[in-house]
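Participant: Quick one: structure below, then a few questions.
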Amino acid sequence: MVLLCSRSVPKARTGKNIPKESILLTDSITPILKQLNPEGEYCIGQDLGIYWRLTDPPEKGAEAPDWFYVPNVPFLLNGQTRRSYVLWREFIAPLIVLEFVSGDGNEERDKTPLKGKFWIYEQVIRPPFYGIYEVSKASLEVYHLIEGQYQVLPANERGHYPIGPLEVELGLWVGVYQNVELPWLRWWDLQGNLLLNGDERAEQESQRAEQECQRAEQESQRAEQESQRADRLAAQSRSLGVEPEI
């Protein structure tokens, strides 16, 4: 079973209001995650609160990334569907956390101890990969946790950021999704092939079916032409007094 999480801290968004970017990321990488987690036990957090310390009120001790992925966690927690991710109960850090900048980006880069997002991710939650996506600037920064500190992950020759454990690359793709043209955050495989979302996969299948139909029609036309040619040759033979069978 697979868990798609939603937020349980203030500023909560309902499932239908989850950002299109999060939906696109989840939709396109789901086939890969199913291959990596054949038993289906993993969590995709879409604006879900990660509780990292006990506070009063509780939400003061939580960060809510726009998107994150955690492998090897059970679908249910104490027999109930998760509504949060409590770090000291799970013991498994997210593999990757992504933040979508809505302001000037200072919040996502804040290294203030016990307060700044960057500090909390680096020193407490500790996902191996942390991405900061700024759609207004068409920019993406990815950090890799090395010896307890985030180091800037360099882009490869395609301008993508390899996420080794997922066997994918992360980067920006300029195009139209749900009638909006933006520099979207997208996944690619390690050969540089874009991971398609559900609509794109359906369109690809439709095009493939159409091509198969066209090929079948062409084969039928060729067969008909061959039959007509054989009939003409037979008629010519008969006009010369020769039976075609002889």
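Participant: Using amide H atoms built 1.01 Å from N in the peptide plane, name the residues 5+ places from residue 82, or on other chains, whose amide H lies under 5 Å from its own.
Facilitator: 77
Participant: Sort out for me the Cα centre separation of the range 77-118 from the range 188-219, rounded to whole Å.
Facilitator: 37 Å
Participant: Dipole magnitude of the chain about its Cα centre, charges +1 at Lys/Arg Cβ and -1 at Asp/Glu Cβ only, in debye to the nearest 20?
Facilitator: 900 debye
Participant: Name the long-range amide H neighbours of residue 177: under 5 Å, sequence gap of 5 or more, or other chain; modelled H, no Pro or chain starts.
Facilitator: 182
Participant: Taking the Cβ of each residue in 27, 66, 231 as the centre, tally the other Cβ atoms inside 10 Å and list the residues starting with the fewest.
Facilitator: Ranked by crowding around the Cβ, least crowded first: 231, 27, 66.
Participant: Moving on. Who wins for biggest fluctuation among 58, 94, 183 in a Gaussian network model of the chain, springs between alpha carbons below 10 Å?
Facilitator: 58
Participant: I need the phi-derived Karplus couplings for the range 86-96: 6.51 cos²θ - 1.76 cosθ + 1.60, θ = phi - 60°, integer Hz, Gly and Pro marked x.
Facilitator: Coupling constants for the range 86-96: 9, 4, 6, 9, 8, 6, 10, 6, x, 6, 9 Hz.
Participant: Among 85, 64, 170, which residue has its Cα positioned farthest towards the positive end of the charge dipole of the range 58-175, with +1 placed on the Cβ of Lys and Arg, -1 on the Cβ of Asp and Glu, and the dipole taken about the Cα centre?
Facilitator: The residue sitting most towards the positive pole is 85.
Participant: Follow-up. For the chain, what size does the Cα cloud have along each of its three principal axes, sorted from largest down, in whole Å?
Facilitator: Cα spread of the chain along its principal axes, largest to smallest: 105, 43, 34 Å.
Participant: Using the Cα centre of the range 197-246 as the reference point, and only Cβ charges (+1 on K/R, -1 on D/E), how large is the resulting charge dipole? Debye, rounded to the nearest 20. Don't skip to the end; give the middle numbers.
Facilitator: Details: 7 positive and 13 negative charges, 80 e Å.
About 380 debye.
Participant: Helix 20-36: angle to the longest alpha-carbon principal axis of the chain, degrees 0 to 90, nearest 10?
Facilitator: With rounding to tens, the tilt is 70 degrees.
Participant: Could I ask something else about it? Report the label-to-label distance for residue 147 and residue 179 in nanometres (one decimal), using points 7 Å from each Cα along the Cα→Cβ vector.
Facilitator: Distance between the two pseudo-spin positions: 5.3 nm.
Participant: Report the GluC sites (Glu not before Pro) located in the range 142-232 that are in a DSSP loop and have at most 15 other Cβ atoms inside 10 Å of their Cβ, or state none.
Facilitator: 147, 157, 167
Participant: Order of 184, 119, 52, 67 from fewest to most other C-beta atoms within 10 Å?
Facilitator: 119, 52, 184, 67
Participant: Which Cα, out of 161, 214, 149, lies furthest along the positive dipole direction of the chain (beta carbon charges, K/R +1, D/E -1)?
Facilitator: 149
Participant: Amide H of residue 95: which non-local residues (sequence gap of 5 or more, or other chain) have their own amide H closer than 5 Å, using H built in the peptide plane?
Facilitator: Long-range HN contacts for residue 95: 69, 70.
Participant: For the range 220-233, what does the Karplus curve 6.51 cos²θ - 1.76 cosθ + 1.60, with θ = phi - 60°, yield as ³J(HN,Hα) per residue in whole Hz, taken in order and with x for Gly and Pro?
Facilitator: 5, 5, 5, 5, 5, 5, 5, 5, 5, 5, 5, 5, 5, 4
Participant: Separate question: Ignoring everything except DSSP H segments at least 4 long, calculate the 222 nm mean residue ellipticity for the chain; use -39,500 (n - 2.57) per segment, divide by total residues, nearest 500.
Facilitator: -9000 deg cm²/dmol
Participant: Taking the chain as a Gaussian network, Cα atoms linked when under 10 Å apart, which of 22, 220, 136 shows the biggest mean-square fluctuation?
Facilitator: The residue with the greatest mean-square fluctuation here is 220.
Participant: Counting only pairs 8 or more places apart or on different chains, how many lysine pairs in the chain have C-alpha atoms closer than 19 Å?
Facilitator: 8
Participant: Enumerate by residue number the trypsin sites (Lys or Arg not before Pro) in the range 32-78 meeting two conditions: DSSP loop (anything except H, G, I, E, B), and at most 14 other Cβ atoms within 10 Å of the site's Cβ.
Facilitator: 53
Participant: Multiply the residue gap between residue 221 and residue 196 by 0.36 nm, knock off their C-alpha separation, and tell me the result in nm, one decimal place.
Facilitator: 5.6 nm
Participant: Would you list 41, 63 from fewest to most Cβ contacts within 10 Å? Can you show the working numbers first?
Facilitator: On the way: 41 16, 63 21.
Exposure proxy ranking, most exposed first: 41, 63.
Every number here is computed from the coordinates shown, using simple stated rules; none is lab data. What you see is a predicted model, and the numbers here were worked out from it, not measured in a lab. Cβ atoms come from the backbone with ideal geometry, glycine included; neighbour counts cover every protein chain shown.
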